[in-house]
Amino acid sequence: MKRSFVKKLAAFAGILAMSAGLLSGCTASSKGSASTAGGGKIMIIGTDEEDAYRKSLMTAIKSEAQSAGVEIDDQECGNDVEKQAAAARKAAAGGYSAIICRLADATTAPQIEIAAGDLPIIYVNNQPDESALKADKYMYVASDEEQCGKLQAEYVIKKVGKKELNIVILEGEKGHSATIQRTLSNKNTFKREGVKVNILFQDYCNWTDTEARHKLDLFFKTGQSVDAILCNNDTMALGAVQALEDNGLDPSQIPVTGVDATADGCQSIADGKMSYTVFQNAKGQVKKAVEIAQALGSGKSAKGISGVPSSLLYGWVPFEPVDSSNVSKYMS
């Protein structure tokens, strides 16, 4: 057991002692009775979202819960781990059947599990270490980030058609599971395909277009020639497109790839600016998260649910490639 984890776990004893007083720190957007006919009462523990994809994910959770006949108590706790733990403790004491949680810090899953007592937890969007997962009890629902990074790199290889590439990688939030896995998969795919890559610039832009635009503007002043820009999400990719145009470069000649297939990202592809994105199906992820929460919350297994492997630790929803040939399918 790592020393940092031991310290966190010890410190969490204090969190549990204070958690009753912290319950008021989370904002509950919907409350109700202890159960409904559709499969119990599920608490959704989230963060205050600014990122476009995370917003769509949380909106979809509420919509899917309504259509599935499940009552959800939505607790928005910002990025405060103690408030998330307090919300989990409230769920354990309040007649809930399961928790769906978007962790503020992926390393704190064990603390949230202690606070939740015997309740099953379905994590979304921010992946905890596999050691924190338990079959049919603590599961992670998402799309496989390795597949996402692989699709991006394969597109760039085919599009540019060189065996040696000068690339830029724009990363999301430091330490976020998607940031780590998407970027690593980009690099591993290039290596596996026998393509030499020179990473001219790589930095965290925290999912935002403003940081991406600013940092690339500084980079382009070096005058280095770039073959492609790989971004961990669409918002940063849009910032990259703006930076290219700001510096007199044509984004249609320098492929910019993103992730999520947001409305703005798809429109940029349709306009001939962004080249490629990978659709992350928020509605599909939420549907699976609610389905698994209903099963586990009623004492059943997730076995047999589509996308759940034999380990019963995950619920996978495939990524889908999006370029100019099919972008209309993803535009609302």
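The values are calculated or read from the model by the stated rules, or taken from the named source; none is laboratory data. None of these values were measured; they are calculated from a predicted model. Cβ placement follows ideal geometry from the backbone for every residue including glycine, while neighbour counts extend to all protein chains displayed. In case anyone asks, the SASA skips ligands and DNA or RNA and just uses the protein heavy atoms, side chains included. Shrake-Rupley method; radii C 1.70, N 1.55, O 1.52, S 1.80 Å.
Under the condition of being open to solvent by 10 Å² or more (accessible area, probe 1.4 Å) and out of contact with any Ser or Thr (no Cβ under 8 Å at 6 or more places or on another chain), which residue from segment 162-175 is nearest to residue 214 (Cα to Cα)?
If we filter segment 162-175 for residues that are open to solvent by 10 Å² or more (accessible area, probe 1.4 Å), which is where we start, we get 162-164, 166, 171, 173-175.
Filter once more, keeping what is out of contact with any Ser or Thr (no Cβ under 8 Å at 6 or more places or on another chain): 162-164, 174-175.
Working: 162: 28, 163: 30, 164: 27, 174: 18, 175: 21 Å.
Step by step, filter segment 162-175, then rank; the result is 174.
Right, residue 173: among the acidic types (Asp, Glu), part of a loop (DSSP other than H, G, I, E, B) and under 27 Å from residue 128 (Cα atoms) or not?
Details: among the acidic types (Asp, Glu): yes; part of a loop (DSSP other than H, G, I, E, B): yes; under 27 Å from residue 128 (Cα atoms): yes.
It is true that residue 173 is among the acidic types (Asp, Glu), part of a loop (DSSP other than H, G, I, E, B) and under 27 Å from residue 128 (Cα atoms).
Of everything in segment 178-236, what is under 24 Å from residue 106 (Cα atoms), open to solvent by 70 Å² or more (accessible area, probe 1.4 Å) and of a type in the set (A, V, I, L, M)? Give them in sequence order.
Within segment 178-236, 180, 184 meet the criteria.
Could you tell me whether segment 309-325 includes any residue that is open to solvent by 30 Å² or more (accessible area, probe 1.4 Å), hydroxyl-bearing (Ser, Thr, Tyr) and within 24 Å of residue 41 (Cβ to Cβ)?
No, segment 309-325 contains no residue that is open to solvent by 30 Å² or more (accessible area, probe 1.4 Å), hydroxyl-bearing (Ser, Thr, Tyr) and within 24 Å of residue 41 (Cβ to Cβ).
Among 166, 198, which is the only one that is in a strand (DSSP E or B), farther than 15 Å from residue 256 by Cβ and out of contact with any Phe, Trp or Tyr (no Cβ under 7 Å at 6 or more places or on another chain)?
On the way: 166 fails: farther than 15 Å from residue 256 by Cβ.
Sole residue among the options that is in a strand (DSSP E or B), farther than 15 Å from residue 256 by Cβ and out of contact with any Phe, Trp or Tyr (no Cβ under 7 Å at 6 or more places or on another chain): 198.
Could you please find all residues in segment 95-145 being in contact (Cβ under 8 Å) with a residue 60 or more places away in the chain, more than 18 Å from residue 289 (Cα to Cα) and outside any loop (DSSP other than H, G, I, E, B)?
Passing the criteria: 107, 108, 110, 111, 114, 115.
Would you mention how many residues in segment 129-141 are touching a strand residue (DSSP E or B) at 6+ places or on another chain (Cβ under 7 Å) and surrounded by fewer than 24 Cβ atoms within 10 Å (Cβ to Cβ)?
The first filter runs over segment 129-141 and keeps only residues touching a strand residue (DSSP E or B) at 6+ places or on another chain (Cβ under 7 Å), leaving 132-133, 138-141.
Right, trim to surrounded by fewer than 24 Cβ atoms within 10 Å (Cβ to Cβ) and you get 132-133, 138.
Here the count works out to 3.
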